[in-house]
Amino acid sequence: MGEDAESPKINHTFLRDYVTEADVISTVEFNQTGDLLATGDKGGRVVIFQRETESKGESEEVGETGDSGEYNVYSTFQSHEPDFDYLKSLEIEEKINKIRWLPQQNAAHFLLSTNDKTIKLWKVSERDKRPEGYNLKDEEGRLKDISTITSLQVPVLRPTDLMVEVRPRRVFSNGHTYHVNSISVNSDGETYLSADDLRINMWNLGITDRSFNIVDIKPANMEDLTEVITAAEFHPHHCHLFVYSSSKGTLRLCDMRSSALCDRHTKLFEEPEDPGSRSFFSEIISSVSDVKFSHSGRYLLTRDYLTAKVWDLNMDKGPVETYQVHEYLRSKLCSLYENDCIFDKFECVWNSSDSVIMTGAYNSFFRMFDRETGRGVTLEAWRESSKPRAVLRTRRVYSGGKRRRGDVGVDSLDFTKKILHMAWHPSENIIAIAATNNLYIFQDRVNPETVTVTEMGLWTITNTKKYKQ
């Protein structure tokens, strides 16, 4: 009794909040149907979640919430291992930078995953039958003595427990000198691009030993380097068009029909800078961290440190829409520079109808903007409110004026809780949010097909997943 009373108490709160670096989610991606959701982490693992279909009775029990099945773990595999570049004496991290699904052609699924150097093509397939009755092998798979075989039989397929097999089909290596930041599958279904800091390569999915360099911005003298490539993506419908963004805040649209090497862009998109507002941080906060084509292919969505912008492909003089994500941080840029948060790379996504955009922020907040009205809401991906089908409350950051109950002060924001990676279901209002080692899946409870600004706060939690350590 006395020994038990004096034994040290376990801090369960600390254990719950403790996260190893390898468990931090680094990318999230739905497949083309939205039935599968893949996540990659800094430990080189890929976890695939599958949407569970509900029976009629379950859907009636759910009622008007509009929930249509949770996402449960479908398969987990190690995509990349830590490596070492002996020529440059550099360690190559196993962190998964991007995952992209290929359009489904048959019963199997294919996806691309990449770390800083190597891109891999994976085949994900199911097996619920196994062959029996081999003539040359026994039940344990060992070869029989031919002299003992007196008759032949036709092998048959027997039902067995469902197995999910994940196998590497291609390994695309030695294509990049610098760190890969983007991969994008072409609409032709045969090629894809990969981008690093200074070059963009195009690969054929069936050829691993060579790629075609389509953009090269490396200067003859590295001292003359003024910008780097931050993201790149193919047009969703035209296989000859792609766009890439730079650390200077510019976007370049390239047409591969004009030349094999697209060093000369077709269009340059940039916003004129106001000389009066220029500061030491201007170039840093104008760097584009993500670029996405709209589903229609007409618009581009970009994210820099403080804003999200929508660009029209027919208007290259400036963005047609600008949304302030966290303008209240402009006065904090000095401290954000000192703790390196100013270099965080936030992603941005479109909803299925291109009417709403979403991007991340700090303090586990993420923001949605209605393009028709320009209004936005702030929601929170937080474990304490992650009960299934709980309605998310809209949040507000207090930066001046009248303070309301529940407002969060700018000085109270937790900059370690950042929402960098997210994905939106391709046809429904289901979103996946990565918050450190937690994956949150939310669904619009009012209307799962469309969303308006008045309903953007009425999201319910479908389920949450936590990476096991």
Completion exercise
In region 166-186, residues that are within 19 Å of the chain's Cα centre (by Cα) and open to solvent by less than 60 Å² (accessible area, probe 1.4 Å) total 7
Exercise for the section: Report those strands (runs of 3 or more DSSP E) wholly inside region 81-120 carrying at least 3 residues which are surrounded by fewer than 20 Cβ atoms within 10 Å (Cβ to Cβ). Expected result: 83-85, 90-92
Fill in the blank from the handout: Taking region 88-112 and the residues there that are within 25 Å of L162 (Cα to Cα) and among the polar types (S, T, N, Q), the one that is farthest from the chain's Cα centre (by Cα) would be N106
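Determine, yes or no, whether C254 is buried (at least 19 other Cβ atoms within 10 Å of the Cβ), of a type in the set (A, V, I, L, M, F, W, C) and modelled with pLDDT of 95 or more.
Yes, satisfied.
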Handout entry: Considering residues of region 265-305 that are β-branched (V, I, T) and part of a loop (DSSP other than H, G, I, E, B) only, the residue most open to solvent (accessible area, probe 1.4 Å)
Key = T266
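Got a sec? Which of N106, N186 is at pLDDT 80 or above and closer than 30 Å to S245 by Cβ? So that I can check it myself, show each step before the final result.
Values: N106 fails: closer than 30 Å to S245 by Cβ.
Going through N106, N186 in turn, just one is at pLDDT 80 or above and closer than 30 Å to S245 by Cβ: N186.
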Handout entry: Subset tally (residues that are closer than 20 Å to K417 by Cβ and in contact (Cβ under 8 Å) with a residue 60 or more places away in the chain) for region 312-326
Key = 1
Handout entry: First in region 393-411 and modelled with pLDDT of 80 or more, second anywhere and basic (K, R) and surrounded by 13 or more Cβ atoms within 10 Å (Cβ to Cβ), Cβ under 9 Å, 6 or more apart
Key = D407/R395; D407/R396; V408/R395; V408/R396; V410/K332; D411/K332
Practice task
Would you be able to say whether some residue in region 349-360 is over 15 Å from M422 (Cβ atoms) and among the polar types (S, T, N, Q)?
Solution key: yes
Completion exercise
Of (1) part of a helix (DSSP H, G or I); (2) buried (at least 21 other Cβ atoms within 10 Å of the Cβ), R330 satisfies every one except (2)
Exercise for the section: Could you tell me which residue of region 240-299 is nearest to N314 (Cα to Cα), considering only residues that are in contact with a strand residue (DSSP E or B) (Cβ under 7 Å, 6 or more places away or on another chain) and β-branched (V, I, T)? Expected result: T266
Practice task
Take region 403-415 and flag every residue that is more than 19 Å from V377 (Cβ to Cβ) and part of a loop (DSSP other than H, G, I, E, B).
Solution key: D414, F415
Problem - Where N339 falls short, out of the listed (1) touching a Cys at 6+ places or on another chain (Cβ under 8 Å); (2) open to solvent by 10 Å² or more (accessible area, probe 1.4 Å) - result: (1)
Completion exercise
Taking region 306-327 and keeping only residues that are open to solvent by 10 Å² or more (accessible area, probe 1.4 Å) and not in a strand (DSSP E or B), one is left with L313, N314, M315, D316, K317, G318, P319, V320, E327
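The values are calculated or read from the model by the stated rules, or taken from the named source; none is laboratory data. Everything numeric in this text was worked out from a predicted model, so none of it was measured. We place every Cβ from the backbone using ideal geometry, glycine too, and count neighbours over all the protein chains shown. For accessibility, only protein heavy atoms count, side chains too; no ligands or nucleic acids. Shrake-Rupley method; radii C 1.70, N 1.55, O 1.52, S 1.80 Å.
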